[in-house]
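In what follows, a structure is listed as structure tokens, so that the remarks can point back to it.
The values are calculated or read from the model by the stated rules, or taken from the named source; none is laboratory data. Note that the structure is predicted; figures quoted are calculated from it, not measured. Methodologically, a virtual Cβ is constructed for each residue, glycine included, from the backbone with ideal geometry; neighbour enumeration extends over all protein chains shown.
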Amino acid sequence: MSRKVRFALLMPPSTSRKTTWAWVIATVLGAGRLRPGPGTYGSVVAVLLWFAAAHTLHPSTLVLSLGTLAAAALATAVGIPASTIVARESAREDPSFVVIDEVAGQLLALTLTPPDWRYAALALLLFRVFDILKPPPIRSLEQLPAGTGIMLDDLAAGLLALLVGLLITRLVR
């Protein structure tokens, strides 16, 4: 069964009603409605929140890493159902205005990043490149149903960005 057929089976009857909590989360308070490049806006929101937390709270490296990982897990846990609902209500498989997946993936890319703007910029750049290009096997994760596919390809891009970022920072140091 093709993905489009599976997706069509998951869609509720056509309705103009929107599930507010899901739209607020999936679009990250409307950041997904910004143009051009809503995914980049979602990623920038994640970096700015992470950077603000790192420089306001001054956590230890371990606490920052664990907190970032917990935030990525939370974004994923609420992002899967929210993006599923929004995809169904908008009748789109992977709407570009759903950016909670970019937030989760970007946070994963930042998990072991030192709280310095240069490293944060590197994590942002690497994540966006891998999210846009979707090298194998990342692209295949899009085939998973509904919100799971929407979220997991970005988490894979975030993991790849994290690993490449660690390699680059080790080589530079």
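I'm trying to understand the selection: among the residues of the range 116-147, which are over 14 Å from Leu162 (Cα atoms) and either in contact (Cβ under 8 Å) with a residue 40 or more places away in the chain or touching a Gly at 6+ places or on another chain (Cβ under 9 Å) (or both)?
Scanning the range 116-147 gives Trp117, Ile132, Leu141, Glu142, Gln143, Pro145, Ala146, Gly147.
Name the helices (runs of 4 or more DSSP H) wholly within the range 94-167 that hold at least 2 residues that are farther than 22 Å from Leu74 by Cβ?
Filter on the range 94-167 gives 117-133, 138-141.
Scan the range 103-124 for residues that are closer than 13 Å to Ile25 by Cβ and of a type outside the set (Val, Ile, Thr) and jot them down.
Ala104
Looking at Phe51, Phe97, which is the one that is more than 15 Å from the chain's Cα centre (by Cα) and touching a residue at least 60 places away in the same chain (Cβ under 8 Å)?
Phe51
Determine which member of the set Ile132, Ile100 is crowded, with 24+ Cβ neighbours inside 10 Å and out of contact with any Phe, Trp or Tyr (no Cβ under 6 Å at 6 or more places or on another chain).
Ile100
At least 2 residues that are surrounded by fewer than 17 Cβ atoms within 10 Å (Cβ to Cβ) and modelled with pLDDT of 95 or more in each: list the helices (runs of 4 or more DSSP H) lying fully within the range 1-82 that qualify.
20-26, 38-57
Spot the failing condition for Arg170; the list is (1) in contact (Cβ under 8 Å) with a residue 24 or more places away in the chain; (2) surrounded by fewer than 24 Cβ atoms within 10 Å (Cβ to Cβ); (3) charged (D, E, K, R), and only one is missed.
(1)
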